[in-house]
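Colleague: Handing you a structure now.
The values are calculated or read from the model by the stated rules, or taken from the named source; none is laboratory data. Just so you know, these numbers come straight off a predicted model, no measurement behind them. Cβ placement follows ideal geometry from the backbone for every residue including glycine, while neighbour counts extend to all protein chains displayed.
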Amino acid sequence: MVEAVRIMVYVRDVGVVKQFWVDYFKPLEVREEVLPEGYVNVVITLKEGIELSLFPIPFIEKYSPEVLGNTPSLMLSVADLDGYHDALPAAGDIVMINGDRLFNVPDPEGHYVVLREFK
């Protein structure tokens with residue numbers, strides 16, 4: 001049984017992408033972990049058992065180049081879809097797909113996240 005999920009996201013500027021998640025998603029916790037050669041990984045706890053782990057691309061190029069092209073597509077379920085839509089810059093249109101209201105939005109580096117209304 002899976003007990004928790006940590007999604008690794010590879011970014012050019014860890015600080016800028018971290019700030020996007022902090023400003024708009026109000027995480028439970030944000031912590032920095034020092035990696036070899038002074039690189040920094042940021043772990044963002046969105047909810048108990050659900051974390052994003054932001055890694056700098058140069059670190060991944062050096063230490064795990066085989067995974068660099070793997071970009072996850074994130075879908076988050078939120079109770080206040082309209083509130084997020086109003087607050088997030090560059091939010092796409094709200095659409096209905098298979099009975100779900102949702103929209104997408106890019107982070108500052110162009111990684112798209114889909115927000116879906118929690119039922």
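Colleague: So for segment 87-97 (the condition being assigned to a strand (DSSP E or B) and of a type outside the set (A, V, I, L, M, F, W, C)), does at least one residue qualify?
Modeller: Initially, segment 87-97 is screened for residues assigned to a strand (DSSP E or B), giving 95-97.
If we keep only those that are of a type outside the set (A, V, I, L, M, F, W, C) too, we end up with none.
No, segment 87-97 has no match at all.
Colleague: Quick check on my filter: what residues within segment 33-59 are more than 17 Å from the chain's Cα centre (by Cα) and surrounded by 12 or more Cβ atoms within 10 Å (Cβ to Cβ)?
Modeller: Scanning segment 33-59 gives 35, 39, 58, 59.
Colleague: Among the residues of segment 1-25, count how many are closer than 18 Å to residue 112 by Cα and either not assigned by TED's automatic domain parsing to the domain that holds residue 60 or not hydrophobic (A, V, I, L, M, F, W, C) (or both).
Modeller: 9
Colleague: Does segment 22-42 hold any residues that are within 21 Å of residue 105 (Cβ to Cβ), in contact (Cβ under 8 Å) with a residue 12 or more places away in the chain and either of a type in the set (D, E, K, R) or part of a strand (DSSP E or B) (or both), and which are they?
Modeller: Scanning segment 22-42 gives 30, 42.
Colleague: Hey, another quick one. Scan segment 70-107 for residues that are surrounded by fewer than 13 Cβ atoms within 10 Å (Cβ to Cβ), more than 19 Å from residue 24 (Cα to Cα) and more than 16 Å from the chain's Cα centre (by Cα) and jot them down.
Modeller: If the condition is that a residue be surrounded by fewer than 13 Cβ atoms within 10 Å (Cβ to Cβ), more than 19 Å from residue 24 (Cα to Cα) and more than 16 Å from the chain's Cα centre (by Cα), then 95, 96, 97, 98, 99 are the ones that fit.
Colleague: Based on this model, can you work out whether residue 78 counts as in the same structural domain as residue 103 (by TED's automatic domain parsing) and closer than 21 Å to residue 104 by Cα?
Modeller: Working: in the same structural domain as residue 103 (by TED's automatic domain parsing): yes; closer than 21 Å to residue 104 by Cα: yes.
For residue 78, the condition - in the same structural domain as residue 103 (by TED's automatic domain parsing) and closer than 21 Å to residue 104 by Cα - is met.
Colleague: Within segment 71-80, can one find any residue that is within 18 Å of residue 14 (Cα to Cα), of a type in the set (Val, Ile, Thr) and part of a helix (DSSP H, G or I)?
Modeller: no
Colleague: Among the residues of segment 79-107, which ones are within 18 Å of residue 7 (Cα to Cα) and in contact with a helix residue (DSSP H, G or I) (Cβ under 7 Å, 6 or more places away or on another chain)?
Modeller: 107
Colleague: Are any residues in segment 98-117 assigned to a strand (DSSP E or B) and under 16 Å from residue 21 (Cβ atoms), and if so, which ones? Outline the logic, then answer.
Modeller: Initially, segment 98-117 is screened for residues assigned to a strand (DSSP E or B), giving 100-106, 112-117.
Answer for segment 98-117, where residues must be assigned to a strand (DSSP E or B) and under 16 Å from residue 21 (Cβ atoms): 104, 105, 106, 112, 113, 114, 115.
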